[in-house]
Every structure is written in structure tokens, then in C-alpha cells.
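Dropping the structure in here first, questions after.
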Amino acid sequence: MIPKRIDSLKFEVLSPQEVRRMSVTKIITPETYDDDGFPIEAGLMDPKLGVIDPGLKCKTCGGKAGECPGHFGHIELAAPVNHPGYAKLIGKLLNATCRECGRVLIKDERRDKFIDEIERRKELGQDFEETVKEVFRITKTAKKCPHCGEGQIEIKFEKPTFFYEGEHRLTPKDVRERLEKISIDDLPAFGMDPKAVRPEWMVLTVLPVPPVTVRPSIILETGQRSEDDLTHKLVDIIRINQRFLENKEAGAPQLILEDLWELLQYHVTTYMDNEVSGIPPARHRSGRPLKTIAQRLKGKEGRFRGSLSGKRVNFSARAVISPDPNLSIGEVGVPSFIAEELTYPLFVTEKNIEEAREYILRDEHPKANYVIRPDGKRIRVMDANKEELAEKLEPGMIIERQMMDGDVVLFNRQPSLHRMSIMSHYVRVLPYKTFRLNPAVCPPYNADFDGDEMNMHVPQGLEAQAEAKLLMSVDRQILSPRFGGPIIGGIHDHVSGLYILTRGERKFTREEVVSLLKSLGAEDLKTEKGKEYWSGKEVFSLILPDISLEFKAEICQGCEECKREDCEFDAYVVIRNGKLLKGTIDEKSVGAFKGIIIDEIMRKYGSLETMNFIDRVTQLAIRAITYYGFSFGINDEEIPEEAVKQIRSVIEKAEKKVEDFINAYREGILEPMPGRSLKETLEMKIMQELGKARDRAGKIAGRFLGMDNSAVIMAVSGARGSMLNLTQMAACIGQQSVRGERIKRGYTYTNRTLSHFKPGDLGSRARGFVKSSYKDGLTPVEYFFHAIGGREGLVDTAVRTSQSGYLQRRLINALQDLKIEYDGTVKEQTSGMLVQYKYGEDGIDPMKSFRGKAVDVERIIHEVLTEK
Amino acid sequence: MSKYDSVLNKYPIPDTIKVEIKEKLEELKVTKKVAGEVAERCYRAYLTNLMEPGEAAGIVAAQSIGEPGTQMTMRTFHYAGVAEIDVTLGLPRLIEILDVRKNPSTPLMTIRLTEEYAKDRNKAREVANRIEATYIVDIADVETDIRNLVIVVNLDEKALKRKQLTIDEIRKKIEKSLKTEVVEENGNLIVKSEPSYKVLMDLFDKLKKLVLAGIKEIRRVIIRKEDDEYILYTEGSNLKKVSKVKGVDFTRTITNNIYEIYEVLGIEAARNAVIEEAISTLEEQGLEVDIRHIMLVADTMTADGELKQIGRHGVAGEKQSILARAAFEMTVNNLLDAAVRGDRDRLSGITENIIVGQPIKLGTGDVELITRYTRTKK
């Protein structure tokens, strides 16, 4: 069966006849319910408009609540009213047409030229707004009608819905009369479709009343009814409409009628859009502005973005996440509570009917929660009815079975910035109440475990499950399409663990090696006789597939001349035939975003092997780091007295130099840098000097902390933190800045940052240089400056997230319809516009590319040559 | 001609790859047989590395550029090459590029000179003087003499010399632009005015704003030597005027104002400028983004010959689909206008189909093949 598809949607303006035709009842009274709580006939809650209370039936279609979509009613307006959304267009039309004969204020030949131009552009799919604008511009300035010779008076449009001809205000009735005269042949010149709209329809004479299903009333706990905002507004309209009618019939003076007319206009305007400029928004009794039609559609929570583009789903769960390195990266630990609630459909056939029956009869975990009969009825499986259900089970039914190990689910963390934010995992039902995941999959989700929550979705169709497995599984997302490198890989302890394991020539006995590899299933080591010790590199080699690589590690010092294999820092990694011969494993080898080894395995052995490798890496690394014992505390920032002295002298020297600069500046002997003022030069020099001092202090601290310090290990291996963080903790925090400059704001009139300083003090301390370290603690003044600098950082992050979020939304909106065609071109789907002849000029998938290169030529040549 | 050409030409691989293979092969000097094997395997690798039909290339590109946006900084840093010029970088710059701002916050030009001027600092200075906007305050002290109702321009000879201007030139320039009489009096210029205080002050303001030499938009020029060649870096940009300055090698002159490039050099140049600027902005932040994604964005912005921004007034706002536009921004107006125009939404895009609840025409949703279900006979 081919599912039905909507071909297209056409937009037109409702005509008064159309409104009356689709209406099931005329609404005349503003009352909604009578004293007994029954809806009043011809009132706003008329039962003909549909049902919202369960149990009742619709008087029009007989459907129950949920079945009946609701039906429109209508209000006959006592006097015509301008449509607020079209007021601007009405104004333009009035100015573009003759006040007497209603024709366009240009000659027919010229009009036809414009119409042809518009037609041409329409056909090409181009925007014809410019041409229409031109028509309005020319006609507005016309003084005399070229058709009847009548002189024209410019009509002024006043927001939101008023028109003035000179001093005289045009009533909507006048407006409507004029619009009626506009010829069908002229409409295309205004960009209007004569089949879709008549200009006079933009002045309303009859108002459609939306069905009650659109504006359901809610019953409060007190039993009171609370009506929807739209109902309130409609009540206002009907009330004024009735008053206008009564007054007109009673022959009230014109002035009163006009006032009522204006009031009616106000209510209709705010009913359509309660945020139009120029008039105060209609308010609820509590003072809250009403949410009327436009407000329902607009904005993030509006109908379009909130309810239509993003929909609510069933079969989903949300929980806090926590790490579990014993899981594979392709798995997710699901709490048993959730697994018992969420279900997987099992489509009953002759072949699996016994299995299905078993699920129904079971009374613990993987059991059936519901049975769905072919007629669509869902029956909950309970102890009382399970025997009966099992008996009646037949092919064609669906049972909803509790989720169990091996099921595929989608796992997601917001903000979903890229496609790796939703990946499919295989379920492992686990005790306790959090979702568990291997920390190596944190980078694509950008997750951590400080209280992050994630969502899980259970695909219900076989197609959906197949797509989840084949397209979205974690192993297929290891390479990022952003840059064609791995985005999943070891983080934090994985990196430090392997670094500790492989650094230098640590020795392990047979027992130790087995215990390190135990979790990988190793029971014993097959090896040549007499081998007593294994080095860390050999242990790592045991989990490596057969690959050959050479590269510089993260810890590479960037020596002027690389000694390659003979690197004194052991920073040159050599892997040959799956054996790690030289070098230390660190972030560059196995880390997310960088991992060269991961990249290589991916290309040589494919995604599953890579996933297994990452699993092995996490296991081994965790074992290694636990075996070694790894901790970090405040004592690790301790530096000897000698280092403190050196640091102090470095900073003092720098401060002295800053003093000198300031003196030179004051005496006017400071040489300005080209294109900079004296003051700017001074600031730059000071910043530079203090920056250098901080770096030097950091170097000293780093030297005294040594390579065995936990923080140093983490920083150099790329596991976490940087040498700058360490510098700030152990040596000196450095200059605090606002907008890239030293802190200068404060008491402007005395030109100082704090009252602790002399006016005009430019010294390092007075402008936010913090010479203490975090460990030593800050002086009150330093603390204050540090808070200033820290606040800027916070504001920066807050602003950036909103800005980049909007940028991403715009990018997605602009590019979402681009698709690669079978011929390799890129086309925009809605307009069919050709964007690229060949995607990316070579048609290569960035994800499959080798860091941007189409084909890894070097590798292929290497392969060919070694085979020979 | 290389001996490997005949081997390589058998395969329809893009030239860039061919060149790379050839270079590598020539380096190793392998036999033709090996070369054939390499070419064959490269071709196979190329085929497997191709993008799949139906792939949502646009969304992947949008995500690849949008996602690193969260990691970018907001601040204006110093330009990597010239410490003296501030340049907007990071997220604000990326937004500026994709918005196609007509007036970017920090326009900047890199001007290379013709051979004649490039080697000599003084010659380069000469060109710089022709480009840099010079105001009267740069070369003189200006005062109003209220008693005589004249403006006294006290010229600084050193500055004059540096700017390579003569008193007479300045006198003529002022006379011509302000349409008043200017006389020279022992090295000073006296600008005469009508006997009215108001007119004098107006004249004074005008004189201060008068560009005596150079191009108005270019506020500052910095000369730097790079690889025995003098290069001019300017703050402010005006590609069109700079192109006409003598001594400028226009073929090697660039600006970071993309809209200017579009106006002066056309759409292809604009496309390349968008790619160039976007990739350098991302690279400067240390973010790795494949160039194909940026190419796709640039091509979308320039596909119909006009440089359009990403957003409401450009690509996203000119979508054919009414529902897609309504879901993006300006919901109500889009719907009202569509009704008057009698527009039809053909439901061919993504958002539209999501809205009406149909499968989208991308990836697996784009496949129209259906297997005919027949019961196999036993």
C-alpha cells in the first residue's frame, strides 16, 4: 500500500460567503452557559460547534470528544470592520486606485507590462515583491486618474486600522465601497491573485467563530469554568456588536454609533493580533494581556515552532546520567524502572506466537504490558486476564513487551547541535535509577556527570529500528562529518591511564599483566618461555589490532630538530604491525577529536573493530590507573621555598619594569608604537611584560613540580587541564582583564579603580594584576579584580550561547532543503535550484575523507608497496 | 607530461587527487604496473568515499558550522599579522560574514604593490599617502581667529613632508572644496570667511572633515615588510578607489569586506571571499571544519547570482514554501501575504512535511522503491 500524501496546500482569503457557508450556526448572544451549566444555543459554546466534554456527542456530526474536529460558526458584524493584518495593504490599494472609478492609476499598457513582468518572475520562481512595490510607488504619486480623469487625494494610513483622506476619516464602509470597485484585471498588478481574493474581503462583514475545540474552557478545582482567551475576546465582540445593532435600530446619534464602531474595530483588531502597535493590548481581568490568534501562532512556543515543527512523543524517558566504564560505548544502561515501563512492539506471527505467549504469561521483568488487537484496542496485561489473553492471542496482534537487553534505543542530550547528539545504543537493563553510559561517548553528546539528564526514545516500527541500527548506531558516528576525524575516544582517566602505563619502561609481572587485562577476558598469557616481565608498551600492544603508524605524541616538546625514534621525551610514537615500539600513548593517540590510532583502525578495520578497540582502551586504561593509584589534592600544588623565591623575584622584576614604563610615560620619553597612541603603547607594553612574568613563574613552578605530579601528568598528556591552570594554582594568577584591557573602570572622577589607590595610579596592582596563586589565596583587592574578570567570562558565555544558537537556527533553516541528487549535484528541493554541480567540488563525503583529503593516497601507496 | 599520466587518465578522478598521486609516484619512481595498481585502488577508494545520493548535505553543513559556534570567543583580538590593527574575530565575525553586512565592524585591506613600488620603503610610503585619508588636523594646528573672523591653519612642516604634500596643494584643495578664499601667510594658511560667526564655525567644521588626500574610508595605513616586499595594511576599506591608485597591484589586493568584493568583482569573487573569510575565522579559533561545508554555505548564498545572507532577508526568507517561512520568522505576515497572493505550498521541503506530518524527502525518506510482496510458493 502506498501511503497517501498531501500534494499541496493553497492559501486564499476567506470570502464572506465562504464564512457563512462553512458555518454551522450564527452566534448572536455573548452568553456562554446558562445557570444550570448547559451551553446556550446560538451562544459561543453552542453544542453545534463541537464537543470538548468527554461523554457528550457533537450536535453537528455526532462524533464524541476526540473524534469531532469541531465546526465553525459565524458572527454577522453590524458594521464592516477593517482586517488589521491587511490594513497596510488596503492603504496601498486605496492610494493606487482611483477614488471614483476604482481603476489603477496607470494606463492599461503600462499595467500590462508590469503584470507580464510579475508573471515572468513567478514562473522563474523569483521574488516579484520589487515589481509590486514599483507599481504602488508610481500610482501613489498620480494626481489624476488616467481612466476617468478624477483628481486624486492621498490617503493617509494611520496605525493600526485607520485611513484619512485629507482631514476626513474613512469609515470601513467607505473603504469597502472603494475596494469593491477595483477591477479584477488590475489585481495581478498588485501581486494579488483574483482567484484567491477580492479586495473588499479585507474589510470584514462577517466573522468566523472558531470551534470550541480550538478554545476549550477548563474547569478549575473550585468547579468554576475558566474560558479561553479567544472566547473572552469573542464575547467582547458580540457584546459590542449587539450594542451597535440596538443603538442603530433605536436611531442613536451618529457620534455614539461612531464610538461603538471604533470600539468594535478595536475588539476585532485585538482578537486577531493583540500586539499591534498603536493601540493598548486587550487585557484579562488580572491585567495579563490576552493571547489571541496571532500570539497563538507566533514565536518559539507558538503553533508553528512549538506544536507543528516540534511534536511531543510517547515511548520516551528522561533520567540523570552517570558513568559506567564496564559498558561498551555502543550500550546504554537503562534503569529497571524505566525498562519495565517502556515497551517494544512484538508483531505476532505464526512463527513467534509461542514466544509472545510466553511474554504474556511471565510475571517478572521481560513481560508483556499490553496486547493490541487488530481493531486497535489496547488491553493491559494483568494477572487476572493474562491466561485469557494468551489463549486468545493470534497472528496479526501486537504485544507490547517490556524493554530488555539488546533492544535498540535512541539516546539524546540537548542541545542537539549536531547529528551525533542523537545516537542509537543497545539496551542493558541495570539496577538503580540513572542512565549509564561509557565515558568515552561523552564528547559527541558534550555530556558530563555533574547532574546532566538525557532522553531516551524507543523506536516502535521495524523500519525505525532498522534505521536506528544501521544509520545511527554509535560505531557509525565515531568519525565526525565536521572534519573527518574521530569524535569518540578516550577522555580524562583513559588518557592519563594509558600515559602512565606506556610511559618509560615500567615492568609488569605475568600476574600483573593478567590482572590488567582480566576485564578484557584474558585468562592467561601465551608467550615464549622464560619471559618474566612485560613493559607497559607491550601490555598496550596486546589490545592493538595489526596497524603500523608513526607520529608525534601530544607530549612532544616541539624540539627544533626532531630526533624521531630517539626522542628523549619518549614523545615519538612508533607502532609496527600492532606493536607499540616507541613513544607514549596520550591524547594524540586515543583521545576524542585527535586520536590518530582510532582514526587508523577506523580506516583499516571499520567501525565495529574501532568500537571494540575503544572499549578495550577504556577497560585497560581504567585498570591501569587504578593499579597505579592516581589522585590530586591541594598538596600537589606545593612548591618548595626556593621556587617561591624565584617566582617572587620574577614578579618583582616585572613590577619594577612596569614602574619604569609608567615613569617613562609620565616623563614623555616612551616611544609610541606605530599607529598607536602613547597610552595604548604603555598599556600594551605593560600587558606584555606582566604576561611574560606569569609565564616565567609558571615555568618555574612546572619545573619544581616535576613530571610525576598528577596535575602535570594530566596537563601534558592532554587528559584534563593545562599548564596555565597549574600556573595559576601554584605560581601566579596573572592579569585580570575586561575586554582585553587591564581593569580601568571604577571611580571615574578620581581616575582610580579602588579607593585603596592614589588617583591616576597606573601600577600593576592598581589595574588588576593578581600576583598571588590560588593556593596562596588572594588579597581582598585581588579578589575583587578577579571577580570582575570572572564576571566578564560568565556574561560572555551567556551571550555567546544565545547568539550561536540563533546562528545555527538560521543556518539550518537556510540549508535544510539541500539534497545530494543521484547525479551528484546538490539541489534545493523546494525551488529545484542547482546549488553545486558536484558536492564540495569533488563529491567526497567529509566524514569519509581523510581529514579533508578525498583519498588517503599515501596510505594506498604504502599498502601497494608493502604487498609487493 | 609524466609517464603516469596515461595510467591516471583512465580513471575519472578529480584533478586534485590526480596531481597528488602523480607527485607521490614521481617521488618514489615506481614502475608503471605499480602505478596502475595505485591508481586503481585510489579510484576505488574515491568511489567509496563519495557522498551518498539523498544525503542531507545542507543540514550536515549547517550543523558543522553551527556546532563549533558555541566554542568561539566573543572578543576582538589583534590581527595576527599586524599588531596595530584590531580585527573582529570569533563568533561576531562569523555572524557578520553569514549576514553579509554591508558595513562590517572592522574593514581591513591588504594591499600589495607593483614591483616598482614594492621594494622601496619611500616608494611604498608614497602609495600609502595616496591611500590614507589625510585631514587637516593631521598636518596642522587649526584655530579660529574670532577677532578677524578667519581660520588660521598652522601647518606642521614635518608632517607635510611625511605626507608628501605642499602648501600650495593644500591651499588649492581647501579653496576648491570650501569655496572660500585662502591666502598663504608666512607658512600659515588663512582661510577667510564671510563676516558671520555662524558661517565661520560651519566652515571650521567642514574644514576639519575635509579629506585633503587619500581615500575617505581608509583611516590608517600601515607599511610592513614581508619577504623583501613592502605590503600596506589599511584600517577601513574601499576596493574600488584603491584599485585606481597608482602603484597598487590590484590583482594581489584583498579586502575583508565581502559585500565590496561582490560589488566590485562579482559573484564568483564573493563566493570565494565568503569561503576564505569563514574558514580563516574558524581556523583562527582552532576549530577544524571541512571546507566542503563552508563551500556549500557560500554556494547557497550565491547560487542565483546575488549575494544573499543566511536569514530572514536572504536564503531562509526566500524559501518557496509558505509553511517553512512561517515556521522560521514573521509567521503572521507570511501567512497573510500568501493568502492575498493565492500562493500554493507544494510541500516539497523539510519543514513543510514535518508540519503536515509526512515523511521528509531526504535520506531513507527519499527512496520511492517498494518491493512487491508475493507469497513464496512452497
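Is the shape of region A:176-314 rounded, prolate or oblate, going by the alpha carbon gyration tensor and its root eigenvalues a ≥ b ≥ c, with a/c under 1.5 for rounded and a/b larger than b/c for prolate? Display every interim value, and only then the final one.
Details: a/c = 2.30, a/b = 1.19, b/c = 1.94.
Judged from the Cα gyration tensor, region A:176-314 comes out oblate (a/c at least 1.5, b/c at or above a/b).
Counting other C-beta atoms within 10 Å, which of A:K113, A:K233, B:K158 has the fewest, and how do the rest follow? Write out the running numbers ahead of the final one.
Values: A:K113 14, A:K233 23, B:K158 9.
Fewest to most other Cβ atoms nearby, the residues stand as B:K158, A:K113, A:K233.
Mind jotting down a quarter of the surface of the convex hull over the alpha carbons of region A:536-636, in square nanometres, one decimal?
Details: hull surface 30.6 nm².
Average projection, Cα convex hull of region A:536-636: 7.6 nm².
Let me ask something additional. Work from the charge dipole of chain A (Cβ charges, +1 for Lys and Arg, -1 for Asp and Glu, about the Cα centre) and give the residue of A:A693, A:S226, A:N95 farthest towards its positive end.
The listed residue farthest towards the positive side: A:N95.
Also, quick follow-up: Please report, in debye to the nearest 20, how large the charge dipole of region A:725-868 is about its Cα centre when each Lys and Arg carries +1 at its beta carbon and each Asp and Glu carries -1 there.
On the way: 22 positive and 17 negative charges, 227 e Å.
So the dipole magnitude of region A:725-868 works out to roughly 1100 debye.
How large is the Rg to Rh ratio of region B:64-190 when both quantities use alpha carbon positions and Rh follows Kirkwood?
Values: Rg = 21.6 Å, Rh = 18.7 Å.
Taking Rh as the inverse mean 1/r over Cα pairs, Rg/Rh reads 1.16.
Could you sort out which of A:K113/A:K181; A:K433/A:K469; A:K656/A:K679; A:K604/B:K10 sit more than 20 Å apart by Cα distance in this structure?
Values: A:K113/A:K181 22 Å; A:K433/A:K469 25 Å; A:K656/A:K679 18 Å; A:K604/B:K10 26 Å.
Table pairs above 20 Å Cα-Cα are A:K113/A:K181; A:K433/A:K469; A:K604/B:K10.
If you line up the Cα atoms of region A:660-733 on their principal axes, what length do they span on each, largest first, in Å?
The principal-axis extents, from largest down, are 50, 21, 14 Å.
Using a basic spin-label model with each label point 7 Å from the Cα along Cα→Cβ, how many nm lie between B:E115 and A:L470?
6.3
What are the principal axis extents of the Cα atoms in region B:1-144, in Å, biggest first?
The Cα atoms of region B:1-144 stretch 86, 44, 22 Å along their principal axes.
When the label point is put 7 Å from the Cα of B:E169 along its Cα-to-beta-carbon vector, which residues of region B:198-215 have a backbone N closer than 20 Å?
B:207-215
Going out from 0 in 20 Å bins, what whole percent of all Cα-Cα distances in chain B drops into each bin?
19, 37, 29, 11, 2, 0
What whole number of Å gives the distance from the Cα centroid of region A:748-801 to the Cα centroid of region A:172-205?
After rounding, the separation between the Cα centres reads 66 Å.
Tell me, how many Å apart are the Cα centres for region A:617-655 and for region A:803-868?
Between the Cα centres of region A:617-655 and region A:803-868 lies a distance of 45 Å.
Continuing with the same structure: Work out the length of the dipole vector of region A:370-516 about its Cα centre, built from +1 on the beta-carbon of each Lys and Arg and -1 on the beta-carbon of each Asp and Glu, and round it to the nearest 20 debye.
Values: 19 positive and 20 negative charges, 66 e Å.
I would put it at about 320 debye.
Where the Cα atoms of region A:1-94 are projected onto their three principal axes, how long is each span, largest first, in whole Å?
Sorted from largest, the Cα extents of region A:1-94 read 51, 51, 18 Å.
Looking at the protein assembly as shown only, what percent of DSSP beta bridges run antiparallel? Nearest 5 please. Please list the in-between numbers first.
Numbers: 104 of 116 bridges.
Taking every DSSP beta bridge with both residues in the protein assembly as shown, the antiparallel ones total about 90 percent.
Counting DSSP beta bridges in region A:403-501, what percent are antiparallel, to the nearest 5?
Numbers: 9 of 10 bridges.
Of those bridges, close to 90 percent are antiparallel.
Putting +1 on Lys and Arg Cβ atoms and -1 on Asp and Glu Cβ atoms, find which of A:V574, A:F508, A:C556 reaches farthest to the positive end of the dipole of region A:489-592.
The residue sitting farthest along the positive end of the dipole is A:F508.
Could you list A:R564, B:R125, A:R810 in order of exposure, starting from the residue whose Cβ has the fewest other Cβ atoms within 10 Å? Please report the intermediate quantities before stating the final value.
Details: A:R564 12, B:R125 19, A:R810 24.
Least to most surrounded, the residues fall as A:R564, B:R125, A:R810.
In what sequence do A:T866, A:T25 fall when counting other Cβ within 10 Å, fewest first?
On the way: A:T866 8, A:T25 19.
Placing the least packed residue first, the sequence is A:T866, A:T25.
Pairwise over distinct Cα atoms, reciprocal of the mean inverse distance: report the Kirkwood radius of region A:369-525 in Å, one decimal place. Let's see the in-between values first.
On the way: mean 1/r = 0.0509 Å⁻¹.
For region A:369-525, inverting the mean 1/r across all distinct Cα pairs yields 19.7 Å.
Counting pairs of alpha carbon atoms under 8 Å apart in space and at least six apart in sequence, what relative contact order in percent does chain A give? Write out the running numbers ahead of the final one.
On the way: 1394 pairs, mean separation 65.1, N = 868.
Taking the mean separation of contacting Cα pairs over the length of chain A, I get 8 percent.
From the gyration tensor of the Cα coordinates in chain A, what semi-axes in whole Å does the equivalent ellipsoid have, largest first, with each one equal to sqrt(5λ)?
On the way: eigenvalues 868, 389, 176 Å².
Working from the Cα gyration tensor, I get semi-axes of 66, 44, 30 Å.
Using the Cα centre as the reference, give the magnitude of the dipole from point charges on the C-beta atoms of chain A (Lys, Arg: +1; Asp, Glu: -1; all else neutral), rounded to the nearest 20 debye. If you can, show how the numbers build up before the last one.
On the way: 130 positive and 132 negative charges, 398 e Å.
In total the dipole reaches around 1900 debye.
Continuing with this model, one more query. What distance in nm lies between label points placed 7 Å from Cα along the C-beta direction at B:V183 and B:T364?
Result: 9.2 nm between the two label points.
Going through the cross-link list B:K3/B:K225; A:K653/A:K744; A:K92/A:K291; A:K59/A:K392, which pairs have a Cα-Cα distance over 31 Å in this structure? Don't skip to the end; give the middle numbers.
Numbers: B:K3/B:K225 42 Å; A:K653/A:K744 23 Å; A:K92/A:K291 29 Å; A:K59/A:K392 38 Å.
Correct reply: B:K3/B:K225; A:K59/A:K392.
Using a/c under 1.5 as the rounded threshold, could you call region B:116-268 rounded, prolate or oblate? The axes a ≥ b ≥ c are square roots of the C-alpha gyration tensor eigenvalues, and prolate needs a/b larger than b/c, oblate otherwise.
Details: a/c = 3.19, a/b = 1.87, b/c = 1.71.
Prolate, because a/c is 1.5 or more and a/b exceeds b/c.
With the Cα gyration tensor of region B:1-69 giving a ≥ b ≥ c as the square roots of its eigenvalues, does the rule (a/c under 1.5 for rounded; else a/b larger than b/c for prolate; else oblate) give rounded, prolate or oblate?
Prolate.
Measure off 7 Å from each Cα along the Cα-to-Cβ vector at A:T748 and A:E388, then give the distance between these two points in nanometres to one decimal.
8.2
From the convex hull of the Cα coordinates of region B:132-174, what is the mean projected area in square nanometres? Display every interim value, and only then the final one.
On the way: hull surface 12.7 nm².
Mean projected area of the Cα convex hull: 3.2 nm².
Something else: Based on Cα coordinates alone, diagonalise the gyration tensor for region A:36-75, multiply each eigenvalue by 5, take square roots, and list the semi-axes in whole Å, largest first.
On the way: eigenvalues 50, 33, 9 Å².
Square roots of five times the eigenvalues give 16, 13, 7 Å.
Sticking with this one: Under Stokes-Einstein, with the Kirkwood radius over Cα pairs standing in for Rh, what whole-number D in µm²/s applies to region A:782-845 at 10 °C and 1.306 mPa s?
On the way: Rh = 15.1 Å.
The Stokes-Einstein estimate is 105 µm²/s.
Another question about this same structure. How large is log10 of I(q)/I(0) for region A:304-402 at q = 0.16, 0.23 Å⁻¹ when the intensity is taken from the Debye formula with one equal scatterer per alpha-carbon?
One equal scatterer on each Cα of region A:304-402 leads to -0.79, -1.11.
Cα-Cα over 32 Å: which of A:K26/A:K173; A:K122/A:K233; A:K853/B:K308; A:K582/A:K645?
On the way: A:K26/A:K173 22 Å; A:K122/A:K233 39 Å; A:K853/B:K308 29 Å; A:K582/A:K645 39 Å.
With Cα atoms farther than 32 Å apart: A:K122/A:K233; A:K582/A:K645.
If the viscosity is 1.306 mPa s and the temperature 10 °C, what translational diffusion coefficient in µm²/s does Stokes-Einstein give for region B:194-344 when Rh comes from Kirkwood over Cα pairs? Mind dumping the intermediate values first?
Numbers: Rh = 19.8 Å.
Roughly 80 µm²/s, to the nearest whole number.
Along the positive direction of the dipole of region B:113-268 (beta-carbon charges: Lys, Arg +1; Asp, Glu -1; about the Cα centre), which of B:S237, B:V191, B:L160 reaches farthest?
The one lying farthest along the dipole's positive direction is B:V191.
Would you pull out the residues with amide H under 5 Å of A:M423's amide H, same chain only if 5 or more places away, H placed 1.01 Å from N?
Correct list: A:F411.
Evaluate the Debye formula for region B:176-251 with equal point scatterers sitting on the alpha carbons, no solvent, and hand back log10 of I(q)/I(0) at q = 0.11, 0.16, 0.24, 0.26 Å⁻¹, in q order, two decimals.
For region B:176-251 at q = 0.11, 0.16, 0.24, 0.26 Å⁻¹, log10 I(q)/I(0) is -0.49, -0.78, -1.12, -1.24.
Could I ask something else about it? Calculate the mean, over all residues of peptide A:780-791, of how many other protein chain Cβ atoms lie within 10 angstrom of the residue's Cβ. Write out the running numbers ahead of the final one.
Working: counts 0, 0, 0, 0, 0, 0, 0, 0, 0, 0, 0, 0.
Mean shielding count: 0.
Taken together, the values in this text are just the output of simple stated rules run on the coordinates, not laboratory data. From a predicted model like this one, the values you see are computed outputs, not experimental measurements. Cβ sites come from the backbone with ideal geometry, for glycine too, and all protein chains shown count toward neighbours.
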